[in-house]
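First up is the structure itself, then whatever we jot down about it.
All of the numbers you see were taken from the coordinates with simple rules; none came from a lab. This structure is a prediction, so every number in the text was calculated from the model and none was measured.
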Amino acid sequence: ALRHFRRPDAAVEGDRVRVFTPEERAPLPLTIHHLPLCVTFGLHSFPGSDAGDASPGKQVVIVDPTRTEERVMQGKILVTASSEDPPCLYGLTCTGGVPVAP
């Protein structure tokens, strides 16, 4: 949405700021230098089998979970990076109580 937004043009005239209507001057696009890319991974852990053995539970990772999946997921990893070349990692957030294997 920000890439398609157009703001009204403005000019400083003396000690006043004049904002032009779209009919007077064409609206201008926003200057965006870097476009962040956010990806959410939903973590789900299911218990092991009921056979009495010590088998580990099953772990499922869902990329870009829906609202319903977010309500039941037990953990979340949010990765934020730039879409520019070379890519740059802005942030990495891990929440919840599901251990993640290396």
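Here are some notes:
- Per residue, the convex hull volume that the Cα atoms of the chain enclose (Å³): 175
- Close amide H pairs (under 5 Å, H built 1.01 Å from N) link Leu28 with Arg7, Asp9, residues at least 5 positions away or on another chain.
- Our coupling estimate for segment 6-11, obtained by passing each phi through the Karplus curve with A = 6.51, B = -1.76, C = 1.60 and θ = phi - 60°, is 10, 9, x, 6, 9, 9 Hz, Gly and Pro reported as x.
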